[in-house]
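Trainee: The structure under discussion is supplied below as structure tokens; questions concerning it will follow.
Read-outs throughout are calculated quantities, based only on the coordinates presented, and are distinct from any laboratory measurement. Here the structure is a predicted model, which is why all the values come from computation and not from measurement. Every residue, glycine among them, receives a Cβ derived from its backbone with ideal geometry; neighbour counts consider all protein chains shown.
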Amino acid sequence: MNAIDKVTATLPDAQEVLSVRHWDDRLFSFRVARPASFRFRSGEFVMIGLPGDPDPKTGKQKPILRAYSIASPFWDEELEFYSIKVPDGPLTSRLQEIAPGEHVIVKTKPTGTLVLDALLPGKRLWMISTGTGVAPFASLMREPETYEKFEQVILTQTCRLNSELAYGADLERRLMEDPLVGEEAAAKFTRYATTTRETSDRMGRITDLIASGKLVSDLGLRDFDPAEDRVMICGSMGLNKDLKTLLEARGLSEGANSKPGEYVVERAFVD
Ligand code: A2P
């Protein structure tokens, strides 16, 4: 245990890191012990972090906290997080060094709009993401209620490079082996991954693929319909805005926890 971790471990919200996986030089995921009494809805986020540098005057270490979607479902005994590594980022430059046995701060006040309760009943659930925006969907795709509520579940993820899609590909593999939802997912779940700056089997921004009709035609479906399609969006500000425009033009309206609708949006946090 290093000196910083000795401090972190004593904090009331500290949780032990159980495993870490680096996907490439820009992305990693890690799992922590779940606080015993912690409850959340699949798709929600919490604040997590590490103690900051000591204040030169008081010596106090104010924590550096950022919003992270929980990438594991509500019933999992561990909490999973998926993160980008920002070289000069106040939190991720240090968080990327974290090792099993060390500790991170996990605040247990979950919140967020990417929850099933914020959507009206429908036939098809679309989960549209870029980069680390896939994290809340990693939770929802292993949530039994997702398959109770929808006949078809489609996860799209668009990244610049092929290597950035590795986590999503692994999620799909793990989903098929999941003892709780694997069988239903095999019948209902589809992953649609695209790249924009490197050659791959499927290329293009998801917005362009929706606008041209290629996304739905690739999947043998008709265009988005407010009677049947429900959409969750998690990406950059630009992507969220452009997708809202595309969906509103097709007659879908935005929902929230207090007023369910046909689509919901959250910004992918760590950037
Ligand atoms: P592009 O390479 O054409 O910019 P970033 O790494 O910048 O967060 O982007 C992640 C992915 O999201 C990239 O593939 C990027 O495509 C795509 N993207 C960024 N902005 C938008 C947008 N406004 N609409 C659709 N896709 C977007």
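Trainee: If amide hydrogens are placed 1.01 Å from N in the peptide plane, which non-local residues have theirs closer than 5 Å to the one on T158?
Mentor: Placed amide hydrogens put S129, T130, G131, T194 under 5 Å from T158.
Trainee: Between region 199-246 and region 83-120, what is the separation of their alpha carbon centroids in Å?
Mentor: 26
Trainee: Moving to a separate point now. Please work out the Cα center distance from region 146-196 to region 5-78, rounded to the nearest Å.
Mentor: Comparing the Cα centres of region 146-196 and region 5-78, I get a distance of 25 Å.
Trainee: Using only DSSP helix segments of four residues or longer, with each worth -39500 (n - 2.57), what per-residue ellipticity at 222 nm results for the chain after dividing by its residue count and rounding to 500?
Mentor: Result for the chain, helices only: -6000 deg cm²/dmol.
Trainee: Where does region 103-152 land on Rg/Rh, using Cα atoms and the Kirkwood Rh?
Mentor: Reported Rg/Rh, Kirkwood definition of Rh: 1.02.
Trainee: For the chain, which semi-axes, largest first and in whole Å, follow from the square roots of 5 times the eigenvalues of its Cα gyration tensor?
Mentor: 33, 19, 18
Trainee: For a quick protection proxy, order the peptides 14-27, 40-53, 232-245 by their average other-Cβ count within 10 Å, most packed first.
Mentor: 40-53, 232-245, 14-27
Trainee: Could you work out the local net charge near L209, counting Lys and Arg as +1, Asp and Glu as -1, over the other residues with Cβ closer than 11 Å to its Cβ?
Mentor: Here the charged neighbours net out to +1.
Trainee: Taking the highest mean first, how do the peptides 55-65, 158-168 order by number of other beta carbon atoms within 10 angstrom per residue?
Mentor: The peptides rank, most packed first, as 158-168, 55-65.
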